[in-house]
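Asks: If you scroll down you'll find the structure; I have some questions about it.
The values are calculated or read from the model by the stated rules, or taken from the named source; none is laboratory data. Here the structure is a predicted model, which means the values were calculated and not measured. Reconstructed Cβ throughout: ideal geometry from the backbone, glycine too, with neighbour counts over all protein chains shown. Just so you know, the surface numbers come from the protein's heavy atoms only, side chains and all, with ligands and any DNA or RNA stripped out. Shrake-Rupley method; radii C 1.70, N 1.55, O 1.52, S 1.80 Å.
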Amino acid sequence: MIKTYRKTATIQAEQFDGSEEMIEKYDVKRWRGESFYLKTLEGHLLLNVGDWIATGVKGEHWAIADDVFKASYVEV
C-alpha cells in the first residue's frame with residue numbers, strides 16, 4: 001500500500017551564483033566551462049549556477065535544481 005510522507009527536517013540552503021566566495025565556501029570544483037561539481041556523501045554532483053546548495057542537519061551538502069527546490073521547500 002502506498003503511503004504519503006512529508007519532510008520534517010529543516011535545512012539551510014543558498015543559491016549558487018558561481019562566485020569565487022561560494023566556490024571556496026563549499027569546496028566546489030570547476031568542470032567544463034560554466035559547470036561545477038560539489039562533493040557530497042553520495043559522490044560528486046553536477047552543480048550549475050542557479051542551483052541550490054543545501055546543508056543538512058549533519059553538515060552534509062547536496063545540490064538541488066532551482067525548479068525542484070522551489071517545488072519542495074518554503075522559507076521559514
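Asks: State to the nearest 20 debye the size of the charge dipole of the chain about its Cα centre, where the only charges are +1 on K and R beta carbons and -1 on D and E beta carbons.
Replies: Working: 10 positive and 13 negative charges, 97 e Å.
Computed charge dipole of the chain: roughly 460 debye.
Asks: Taking only pairs that are 8 or more places apart or on different chains, how many Lys pairs in the chain have Cα atoms under 22 angstrom apart? Can you show the working numbers first?
Replies: Details: 7/58; 7/70; 25/39; 25/58; 29/39; 29/58; 39/58.
Lysine pairs, 8 or more places apart or on different chains, close enough: 7.
Asks: Just one of (i) 3, 18, 28, 24, 14, 8, 3, 1, 0; (ii) 3, 18, 26, 23, 17, 9, 3, 0; (iii) 3, 14, 26, 24, 16, 9, 4, 2, 1, 0 is P(r) over Cα pairs in 5 Å bins from 0, in percent as worked out from the coordinates here. Which one is it?
Replies: (iii)
Asks: Of 4, 74, 35, which is farthest along the charge dipole of the chain in the positive direction, counting Lys and Arg as +1 and Asp and Glu as -1 at C-beta?
Replies: With unit charges placed on the Cβ atoms, the residue in question is 4.
Asks: Within the chain, report the trypsin sites (Lys or Arg not before Pro) that DSSP leaves as loop and that have at most 12 other Cβ atoms within 10 Å.
Replies: 3, 6, 7, 32, 58
Asks: Do you know the relative contact order of the chain, to the nearest whole percent, from alpha carbon pairs under 8 angstrom that are 6+ apart?
Replies: Working: 101 pairs, mean separation 20.6, N = 76.
RCO, the chain: 27 percent.
Asks: Using the heavy atoms of the protein chains alone and a 1.4 angstrom probe, what is the accessible area of the chain per residue in square angstrom? Walk me through the intermediate numbers first.
Replies: On the way: 6050 Å² over 76 residues.
Normalised by residue count, the accessible surface of the chain is 80 Å².
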